[in-house]
Amino acid sequence: MSAVLSESDDGDVRVEPRIVALSGPVGSGKTTLARSLASKFNAVHIRTQDLMADTAVGLEIVLEPERRAMQKFGEQLDRDTDGQWVAHQIAKLVAGGRVRGELLIVDAVRTLQQVDALREVFPANVTHIHMYAPEAVLTQRYQDRHDSGFVELSSYQDVAEDPTEANVVTLTNDADITIDTHRCSALDVLARATAALNLYPSLADRLVDVFIGGQYGSEGKGNVAYHLANEYDLLMRVGGPNAGHRVPTTPPYTHRLLPSGTLANRRAKLVIGPGATLDLTVLMGEIAACSVDPERLSIDPQAMIIEPEDLEKEAELVKTIASTGKGGGAASARRIMGRHGGASPKVRLAREVTELTPYVRSTADILETAFRDGKKVMLEGTQGTLLSLFHGFYPWVTSRDTTTAACLSEAGIGPHRLRKVVMVVRTYPIRVGDPPASAATSGAMGAEIDWDEIAERSGLNKDELRANERGSVSGSERRVAEFDWNLLRRASELNGATDIALTFADYLSADNLHARRFDQLTDDTIRFVEEVSRVGGAPVSLIATGFDNRALIDRREW
């Protein structure tokens, strides 16, 4: 059931709110649930004790802030109005615009007449939830309650002596939903009520598109994500500051922690999930450079902070396997070893960092709200499949898994949300790190060639190629190899690719730099694209022909 539309006397269409009426004995958890629903779903919490106070003022009656007095006054109102005063007061608030919202939580109704009156005023739009617990539990809860807003009676037994309170249990038979709150936390009760009210987002809605690297990183994910960012309501990135995603702004900008669509779609919400590793200096600098305010960016409280000691620990990896040495791996290892307090320095999560306080909030809640509202999510992976800790060529790998499944896990998104997996591959794969003759090499990469060879094949300027092909984070010269068809198939299988984005089509031929449509590509390039699709088992839906705002050929059918 949801809010419904109705037509007023003047012909205007208005939204009739959905009413959730709570009933149950004192101490059953009604107010706690009402506050939780109001907070989680931006609902309006209407307390009948406030309605009584307003009514008393209108009748020029002095209503003492004491439970017994309020019980007696409520009984009088029920007698005088045949239990209709709650519904009439709420109807006035709605009609007068004093309460606005699609979901109103009435805390609480005490008689069947009050519930029936609500159903009469708001036909087919009232859900009655009755809450209960054993008397011993109610007694203990009453003894433990603090600051109810008025003077309480000395014991739960005194409360239960009231005739209306004693008859509240009879509302069980009328209720649409009943919840036994015994042995349940407030979060348990909220989860049960949310499910019963059908307020959770449908698990059938596939709203997440993952953009994943299919090779050794630097495939051009940032360029692709930047171009498509306007199609999404929420942009999310996983990983750490060791991956730089360059986007075609003027001048170009390299994102290391924020999503690559940050500057392309300024209306989109930005999210950094619980699996991220954060360099505070890099993050705060990027937030400032991109003018991102706290309302737009959410950082999960569980994200890990990289410390200076982590950078020191990775210095040797820079020498041996051409690591970027940005501390993400050392921080992740420290997080694992720090579970018993043995890590040095102590593990810090985002929730413990003062500078991040304005941005820290549960990204699980952000995602749940987005899914409930049907919002589309772009999840941007970092690095590449063949750098995976588990699936790459160990030890020349990164410190995490880099496949679709791992990205979903780091983000906190279930696989049932997945709509598309766009696997980004480049025409000539690269690995960061100096040439093999150096003491530091980043590992094997198939049939290696050099940039002079690519320049000769494509007609591009070799000096410009070398200048452009340096690591966006490490700054070191990139090594390059022939396209690896076998690993394309393996990466497609590992990631569940539904689409392939092919980048650096200009490296096949400089003539492709001017192509804005598929038919403008060279014949050899078209044949190459067709074979990538065959071997990869997915359509090549996007083709990047360069690095500017028009250099992406979009062949998608979604």
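Run residue 406 past the list (1) out of contact with any helix residue (DSSP H, G or I) (no Cβ under 9 Å at 6 or more places or on another chain); (2) at pLDDT below 95; (3) surrounded by 18 or more Cβ atoms within 10 Å (Cβ to Cβ) and report the number of the one that doesn't hold.
Result: residue 406 passes all but (2).
Against the condition buried (at least 21 other Cβ atoms within 10 Å of the Cβ) and part of a helix (DSSP H, G or I), how does residue 117 come out, does it pass?
Numbers: buried (at least 21 other Cβ atoms within 10 Å of the Cβ): yes; part of a helix (DSSP H, G or I): yes.
Taking the combined requirement at face value, the residue satisfies it.
Quick check on my filter: what residues within the range 449-465 are closer than 15 Å to residue 506 by Cβ and either part of a loop (DSSP other than H, G, I, E, B) or among the basic types (Lys, Arg) (or both)? Full working, then the answer.
Step one: of the range 449-465, the residues closer than 15 Å to residue 506 by Cβ are 451, 454-462, 464-465.
457, 459, 460, 461, 462 - these are the residues of the range 449-465 that are closer than 15 Å to residue 506 by Cβ and either part of a loop (DSSP other than H, G, I, E, B) or among the basic types (Lys, Arg) (or both).
Could you check residue 73 against (1) free of Cβ contacts under 8 Å to residues at least 40 places away in the same chain; (2) within 29 Å of residue 182 (Cβ to Cβ) and say which number it fails?
Only one criterion is unmet by residue 73, namely (2).
Taking the stated definitions as given, is residue 228 assigned by TED's automatic domain parsing to the domain that holds residue 544, modelled with pLDDT of 95 or more and under 20 Å from residue 552 (Cα atoms)? Steps first, please.
Numbers: assigned by TED's automatic domain parsing to the domain that holds residue 544: yes; modelled with pLDDT of 95 or more: yes; under 20 Å from residue 552 (Cα atoms): yes.
It is true that residue 228 is assigned by TED's automatic domain parsing to the domain that holds residue 544, modelled with pLDDT of 95 or more and under 20 Å from residue 552 (Cα atoms).
Residues that are closer than 25 Å to residue 411 by Cβ and in contact (Cβ under 8 Å) with a residue 12 or more places away in the chain: which helices (runs of 4 or more DSSP H) entirely in the range 160-252 hold 2 or more of them?
Working: elements: 163-167, 186-196, 221-228.
The qualifying helices (runs of 4 or more DSSP H) are 186-196, 221-228.
So, residue 29, is that one at pLDDT below 90 and at positive phi or not?
Values: at pLDDT below 90: no; at positive phi: yes.
No: the conditions fail for residue 29.
Farther than 30 Å from residue 373 by Cβ and surrounded by fewer than 22 Cβ atoms within 10 Å (Cβ to Cβ): is that true of residue 162 in this structure? Break it down stepwise before answering.
Values: farther than 30 Å from residue 373 by Cβ: yes; surrounded by fewer than 22 Cβ atoms within 10 Å (Cβ to Cβ): yes.
Yes: the conditions hold for residue 162.
May I ask you to list the residues in the range 513-527 that are under 15 Å from residue 428 (Cα atoms) and either in contact (Cβ under 8 Å) with a residue 24 or more places away in the chain or not assigned by TED's automatic domain parsing to the domain that holds residue 548 (or both)?
Result: no residue meets the conditions.
Can we say residue 81 is farther than 25 Å from residue 123 by Cβ, surrounded by 13 or more Cβ atoms within 10 Å (Cβ to Cβ) and modelled with pLDDT of 95 or more? Working first, answer last.
Values: farther than 25 Å from residue 123 by Cβ: no; surrounded by 13 or more Cβ atoms within 10 Å (Cβ to Cβ): yes; modelled with pLDDT of 95 or more: yes.
Spelling it out, it is not the case that residue 81 is farther than 25 Å from residue 123 by Cβ, surrounded by 13 or more Cβ atoms within 10 Å (Cβ to Cβ) and modelled with pLDDT of 95 or more.
Determine which member of the set 63, 5 is at pLDDT below 95, over 30 Å from residue 185 (Cβ atoms) and not assigned by TED's automatic domain parsing to the domain that holds residue 126. I'd like the intermediate steps shown before the answer.
Values: 63 fails: not assigned by TED's automatic domain parsing to the domain that holds residue 126.
It is 5.
Among the residues of the range 275-301, how many are outside any strand (DSSP E or B) and farther than 16 Å from residue 234 by Cα? Let's see the steps before the verdict.
In the first step, residues of the range 275-301 are kept if they are outside any strand (DSSP E or B); the result is 275-276, 279-296, 300-301.
The next check asks that each one be farther than 16 Å from residue 234 by Cα; those that pass are 275-276, 279-291, 301.
Number of matching residues: 16.
Kindly provide the set of residues from the range 201-223 that are surrounded by fewer than 24 Cβ atoms within 10 Å (Cβ to Cβ) and not small (Gly, Ala, Ser), ordered by number.
In the first step, residues of the range 201-223 are kept if they are surrounded by fewer than 24 Cβ atoms within 10 Å (Cβ to Cβ); the result is 201-207, 209, 220.
Matches in the range 201-223: 201, 203, 205, 206, 207, 209.
Taking residue 190 as the residue in question, decide whether it is over 21 Å from residue 276 (Cβ atoms) and either within 24 Å of the chain's Cα centre (by Cα) or buried (at least 24 other Cβ atoms within 10 Å of the Cβ) (or both). Quick ask: steps written out before the conclusion?
Numbers: over 21 Å from residue 276 (Cβ atoms): yes; either within 24 Å of the chain's Cα centre (by Cα) or buried (at least 24 other Cβ atoms within 10 Å of the Cβ) (or both): yes.
For residue 190, the condition - over 21 Å from residue 276 (Cβ atoms) and either within 24 Å of the chain's Cα centre (by Cα) or buried (at least 24 other Cβ atoms within 10 Å of the Cβ) (or both) - is met.
Just to confirm my filter: which strands (runs of 3 or more DSSP E) fall fully inside the range 478-558 and include at least 1 residues that are of a type in the set (Val, Ile, Thr) and touching a Ser or Thr at 6+ places or on another chain (Cβ under 6 Å)? Show your work before the answer.
Details: elements: 479-481, 499-503, 540-544, 552-554.
Because the criterion is at least 1 residues that are of a type in the set (Val, Ile, Thr) and touching a Ser or Thr at 6+ places or on another chain (Cβ under 6 Å), the strands (runs of 3 or more DSSP E) in the range 478-558 that meet it are 540-544.
Could you tell me which residue of the range 464-484 is nearest to residue 240 (Cα to Cα), considering only residues that are in contact with a Gly (Cβ under 7 Å, 6 or more places away or on another chain) and modelled with pLDDT of 75 or more?
Pass one, the range 464-484, residues in contact with a Gly (Cβ under 7 Å, 6 or more places away or on another chain): 472-473, 476, 478-479, 481-482, 484.
Now drop any that are not modelled with pLDDT of 75 or more, which leaves 478-479, 481-482, 484.
On the way: 478: 20, 479: 22, 481: 26, 482: 28, 484: 27 Å.
Applying the filter and picking the extreme gives 478.
Determine, yes or no, whether residue 142 is in contact with a Leu (Cβ under 8 Å, 6 or more places away or on another chain), touching a residue at least 40 places away in the same chain (Cβ under 8 Å), more than 30 Å from residue 445 (Cβ to Cβ) and among the aromatic types (Phe, Trp, Tyr). Outline the logic, then answer.
Details: in contact with a Leu (Cβ under 8 Å, 6 or more places away or on another chain): no; touching a residue at least 40 places away in the same chain (Cβ under 8 Å): yes; more than 30 Å from residue 445 (Cβ to Cβ): yes; among the aromatic types (Phe, Trp, Tyr): yes.
For residue 142, the condition - in contact with a Leu (Cβ under 8 Å, 6 or more places away or on another chain), touching a residue at least 40 places away in the same chain (Cβ under 8 Å), more than 30 Å from residue 445 (Cβ to Cβ) and among the aromatic types (Phe, Trp, Tyr) - is not met.
Over 30 Å from residue 282 (Cβ atoms), aliphatic (A, V, I, L, M) and surrounded by fewer than 18 Cβ atoms within 10 Å (Cβ to Cβ): does that describe residue 460? Spell out how you get there, then give the answer.
Numbers: over 30 Å from residue 282 (Cβ atoms): yes; aliphatic (A, V, I, L, M): yes; surrounded by fewer than 18 Cβ atoms within 10 Å (Cβ to Cβ): no.
For residue 460, the condition - over 30 Å from residue 282 (Cβ atoms), aliphatic (A, V, I, L, M) and surrounded by fewer than 18 Cβ atoms within 10 Å (Cβ to Cβ) - is not met.
When residue 23 is evaluated against the numbered criteria (1) modelled with pLDDT under 95; (2) under 21 Å from residue 117 (Cα atoms), which criterion, by number, is the only one it fails?
Here residue 23 meets the rest and fails (1).
Considering only the range 261-305, state which residues are among the polar types (S, T, N, Q) and within 20 Å of the chain's Cα centre (by Cα).
First, pick out the residues of the range 261-305 that are among the polar types (S, T, N, Q): 262, 265, 277, 281, 291, 298, 302.
262, 265, 277, 298, 302, listed by residue number.
Among the residues of the range 147-165, is any within 18 Å of residue 23 (Cα to Cα), within 38 Å of the chain's Cα centre (by Cα) and at pLDDT below 95?
Among the residues of the range 147-165, at least one is within 18 Å of residue 23 (Cα to Cα), within 38 Å of the chain's Cα centre (by Cα) and at pLDDT below 95, which makes the answer yes.
The values are calculated or read from the model by the stated rules, or taken from the named source; none is laboratory data. Remember, it's a predicted structure, so these values are computed and weren't measured experimentally. Counting neighbours? That spans all protein chains shown, and the Cβs are built from the backbone with ideal geometry, glycine included.
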